[in-house]
Structures are given as C-alpha cells and as structure tokens.
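**Student:** Quick one: the structure is below, and I'll ask about it shortly.
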Amino acid sequence: MLDTMQLGLRLRSARERRGLSQQAVAAALNLQRTAVTNIESGNRAVSTLELSRLAELYGCKPATFLDAAETVDDTPVIRLRALYQGQLPDDFTQTIDRVRELCREGAELRRMLEPGFTENLANYASVLRSGKDAIQQGYNIAREERRRLGLGNAPIGNIAGLISSQGIWVAAYSFPDNLSGMLLNDRTTGVVILINGNHFPVRRTFSYAHEYGHALCDRGDTERVSQGGSDLVEMRANAFASAFLMPAGGVEDQLRRLDKGKPSRQAQIVYDVAGNTENEVEIRPPAGSQAITYQDVAVIARHFGVSYEAAIWRLKNLGHLDVPETKELIAQREAGKGFMNLLKFTDTFAETGVPDEERDQELRSQLMWLAVEAYRREEISQGRLRELAGKLMVSATELIKLAEAARAN
C-alpha cells in the first residue's frame, strides 16, 4: 500500500521533470501553493479528482503514481534561472537530452580512469530566512569559495574552465531568450551547468557564476524551478555571482590604481623628531578628482570581465557610489560601453549564428581529453573512440590520430 509520503515524493518528482513550479501547479488546480507543498511532503491527502488533474498536467496516467512497485528514476533535477513558466519546448528538451547523453559518456569514462571519483565541490547549503539573509549569505559564500580556490582578489578569467576543474560539466547552448542558465543534477551524470550561448559573453560569465552559486548551495534542493528575482534562492545566487566575480578587495585595489575612492579630506601627521612635536596637515584632493566616472566603471568592468551595469551595482553595494552617482552612471551606459569597446573589450559584442557544437567547447574539451586518456590507457577500443567522436561531432580520423600519438608517448 502506497502511503501519502511516497505518493507525495512521486508527485514532486513528476512536477520537477516537467519543469513546473509549485506555484504554477497550484494555479492550474486552483489551490493555494501551501496545499501543493503539503501534498508533496505527505502532510495532505490528495483527492481522486486532484490526482487525475495532476496526472494530466504531468503528462502521465494516475496509475503511475499509485503503482506500489519501486521504479528507478534517473531524470535530472532541473533548476531554471528565468521568469520562465510552462512546459519546455521540444527542441530545448532534445538539447538537454543530448547534453545528458554526453555527460553520461563522460561520467563513465571518469569511472574507468578514476574509480571512486567525486566532484571537488564544496557544499554551502543553508536555510534562508529573509532577503537580507540571502544577500549576506551570497557575499560570505563567495568570499569563502574564493579563499578555498586560492583566487585572492584577481579576476577569474576563464570561469567555465574554473567551474569544470571542480568536476562540473559546463556548456553554452541555444536557449529560449528569457532563459539564462540551468543546473542539472542526477546520479548518472553528476552536476551539469548550462547557460544561454546566445547572450553577450559578459552575461554568460554572470550566468556561469550564478549557476555555480546554485551548484554550491542548492544542488540537493527539492524546489528546482526559480520563482523569479524575488525568490530568496535566486537572490542568494545573484549576490554570490556579483561578489565572486568582483571581490570587494579587488574592487578597492582597482579604485586605488585609478587614484579614486579616497576621502574628500585627508589628515596627514608629520612628526618632528628634534622638537618631539606632531604637526597635522589637512590635504584636500583637487575638486572632482575623487568622482567615479563612466571611464572608471568601464575600466573596472573590463578588468573583471563583467558588464558595465554589473560594475556599477557592485560599486554601489560596496558603498563607493551614492544614489545620485549611480543614476548618473547608469544614464551614461552607452558612453561607458563605447569606452569599453575602445579598450578592445570584445565581450561587449554578441555572437550570432554560431552553432551549438561550436559553443560548448569546454564540455567537448573535457570529454575529448577523457576519451583520449581512456584510449591511451587501453580502457576503451578504437571502435568505442570512433563512436565517441561521432557524439562529440568531431572527425573520428583526427581523434584517433591524436589518441594514437598519445599512446605512443
């Protein structure tokens, strides 16, 4: 006999597979969101009519949930970062399926080469109680993760490479425009981060950092679909991304290098050894010299590889800008971006017409390395290597040639 707890778990799993939030389900059934929460936690019975409507919503039969036999489900838990509701488009679902297949192949190669492999990934999961709590947690986690990784105050540079070094599969693909990124996690693939490859590179960088925040904090979370910008989990991930990409100490270093951010008045004390006296002198910087300009913001944004707007808000949140200064700099965004272009910051341009197989270089390089290494160690045959080349959409002849050269060394 299936109890309410088991039924609730199955209903929650089916909802997550469809990429639906509890709020979306509640609206479809004309229920309060708390009712859906209680059903999925086993604290509320579900009526026959409700079960039928849920089955219809999730694209299955009511008997699916009532079958007492245990089933093995390797469907990934998905977190969508966007104000995106409803079912995912078929072509997008096919993209996810293709990525999962590649990552399964990679996970299998990893098990061959390194039995007992585990992701080198910290876990900062904690309870969120308020927006203030979410932001502070995001900042603190970013600071601790930078310390753990030995990053100091330096720009991250290749963030996709950094994330993949922690045992996470990463790639950029063509997504619906209002979907920035997503996190997948299941037993057969491990943690996967996908971001929208159609977006500007600076936005992709922020999306990678945002999803990395989810991987650090929320990969075991049961609620996988974001509720938008006000959602505390999303708020924490945004705060993490901002602080991870632009550490407070690094921002202050840049301001010092630009000779900005000093007090309007500075007291200097000169000690007279002969007379054993102290002389205090007040030094005032030239008028307007401490004002942070759009050029300064552009230089800082370029240094950390973020957008002009992201740099402004980080400066504001760190207390380097007041409200009027922030508004003025935002109004000058076009000039700021133009200055970034003069600095040869090509990441301000979008990439159009680039096929997915040319965007997911990080994921493909991870898998190709594993395939060549497995062949070199004689863990897989040439036929298996050729099969992997087909899935990676690379020349089998070239991959075999490289693998043979590796085996000869």
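**Student:** Checking A298 against (1) modelled with pLDDT under 65; (2) over 19 Å from the mean Cα position of the chain (by Cα), only one condition comes out false. Which one?
**Tutor:** For A298, the exception is condition (1).
**Student:** Continuing with the same structure: Of all residues in the range 197-218, count the ones that are touching a strand residue (DSSP E or B) at 6+ places or on another chain (Cβ under 7 Å) and closer than 21 Å to R236 by Cβ.
**Tutor:** 9
**Student:** For residues in the range 392-409 being open to solvent by 40 Å² or more (accessible area, probe 1.4 Å) and either hydrophobic (A, V, I, L, M, F, W, C) or closer than 9 Å to Y375 by Cβ (or both), which is modelled with the highest pLDDT?
**Tutor:** E404
**Student:** Hey, A82 hits all of (1) modelled with pLDDT under 50; (2) open to solvent by 50 Å² or more (accessible area, probe 1.4 Å); (3) among the small types (G, A, S) but one; which does it fall short on?
**Tutor:** Condition (2) is where A82 drops out.
Listed here are the residues, each with its yes/no results for (1) among the aliphatic types (A, V, I, L, M); (2) over 22 Å from the mean Cα position of the chain (by Cα); (3) at pLDDT below 85.
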| residue | (1), (2), (3) |
| --- | --- |
| D3 | no, yes, yes |
| N30 | no, yes, no |
| L66 | yes, yes, yes |
| L109 | yes, yes, no |
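**Student:** Here is a further query. For the range 101-137, which positions are within 23 Å of R147 (Cα to Cα), assigned to a loop (DSSP other than H, G, I, E, B) and not hydrophobic (A, V, I, L, M, F, W, C)?
**Tutor:** T118, E119, N120, N123, Y124, S126
**Student:** Now a separate question. If you scan the range 92-109, which residues turn out to be of a type in the set (V, I, T) and surrounded by 15 or more Cβ atoms within 10 Å (Cβ to Cβ)?
**Tutor:** Residues satisfying the conditions are T95, I96, V99.
**Student:** Here's another thing I want to ask about it. For the range 121-130, name all the residues that are over 16 Å from the mean Cα position of the chain (by Cα) and exposed (fewer than 13 other Cβ atoms within 10 Å of the Cβ).
**Tutor:** Listed by number, the residues that qualify are S126, V127, R129, S130.
**Student:** Can you tell me which of (1) open to solvent by 60 Å² or more (accessible area, probe 1.4 Å); (2) within 16 Å of F244 (Cα to Cα) is the one P115 doesn't meet?
**Tutor:** All conditions are met except number (2).
**Student:** If a residue must be open to solvent by less than 20 Å² (accessible area, probe 1.4 Å), within 15 Å of H210 (Cβ to Cβ) and at pLDDT below 85, how many such residues does the range 147-180 contain?
**Tutor:** So the answer is 3.
**Student:** Please find, within the range 131-140, the residue that is surrounded by the most Cβ atoms within 10 Å (Cβ to Cβ) out of those that are over 14 Å from the mean Cα position of the chain (by Cα) and of a type outside the set (S, T, N, Q).
**Tutor:** Restricting to residues being over 14 Å from the mean Cα position of the chain (by Cα) and of a type outside the set (S, T, N, Q), the top hit is A134.
**Student:** OK, next. So if I check each of E328, E309, which one is in contact with a Lys or Arg (Cβ under 8 Å, 6 or more places away or on another chain), part of a helix (DSSP H, G or I), modelled with pLDDT of 90 or more and surrounded by fewer than 20 Cβ atoms within 10 Å (Cβ to Cβ)?
**Tutor:** Answer to the selection: E309.
**Student:** Something else about it: Name the residues in the range 181-197 that are within 25 Å of R302 (Cα to Cα) and surrounded by 21 or more Cβ atoms within 10 Å (Cβ to Cβ), would you?
**Tutor:** If the condition is that a residue be within 25 Å of R302 (Cα to Cα) and surrounded by 21 or more Cβ atoms within 10 Å (Cβ to Cβ), then G181, I193, L194, I195, N196 are the ones that fit.
The values are calculated or read from the model by the stated rules, or taken from the named source; none is laboratory data. Every value quoted in this text rests on a predicted model; they were computed, and no experiment measured them. Glycine gets a Cβ as well: all are built from the backbone with ideal geometry, and neighbour counts include every protein chain shown. In case anyone asks, the SASA skips ligands and DNA or RNA and just uses the protein heavy atoms, side chains included. Shrake-Rupley method; radii C 1.70, N 1.55, O 1.52, S 1.80 Å.
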